[in-house]
């Protein structure tokens, strides 16, 4: 049976909500590599690899916008900001 059902996949690395304190979020605060509240960091690998951080509200806005497209691509890549874990740690240390 042929249907008009479409699907897509949206890729993003890490929700910014997990790393930034004080931003509105519907996600539970989760210390991921840098735990600012407890002054602890556990950087994976060398810390130099670039990671994509995307705010959950931006992913939601993208999803809503994608619903109005006539056709979907098979893959979408969503990226808000790219930083290495070393850069994230430096930002957290500056407070």
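Are there any pairs, at least 6 apart or on different chains, whose C-beta atoms fall under 7 Å, with the first in the stretch 3-24 and closer than 11 Å to residue 78 by Cα and the second assigned to a loop (DSSP other than H, G, I, E, B) and at pLDDT below 75, and if so, which?
Final answer for the pair search is none.
Residue by residue through the stretch 68-94, note down the ones that are without any contact (Cβ under 8 Å) to a residue 24 or more places away in the chain and either assigned to a strand (DSSP E or B) or within 22 Å of residue 47 (Cα to Cα) (or both). So that I can check it myself, show each step before the final result.
So the first thing to find is which residues in the stretch 68-94 are without any contact (Cβ under 8 Å) to a residue 24 or more places away in the chain, and the list is 68-70, 87, 90-91, 93-94.
Scanning the stretch 68-94 gives 87, 90, 91, 93, 94.
Please work out if residue 21 is farther than 16 Å from residue 93 by Cα, in contact with a helix residue (DSSP H, G or I) (Cβ under 8 Å, 6 or more places away or on another chain) and at pLDDT below 85.
When the stated conditions are applied, residue 21 does not pass them.
Let me confirm something: among 51, 64, which residue is modelled with pLDDT of 85 or more and surrounded by fewer than 15 Cβ atoms within 10 Å (Cβ to Cβ)? It would help to see each step written out before you state the result.
On the way: 51 fails: surrounded by fewer than 15 Cβ atoms within 10 Å (Cβ to Cβ).
Residue meeting the stated conditions: 64.
The values are calculated or read from the model by the stated rules, or taken from the named source; none is laboratory data. Note that this is a predicted model, so its numbers are computed, not measured. Please note: Cβ atoms are built from the backbone with ideal geometry, for glycine as well, and neighbour counts cover all protein chains shown.
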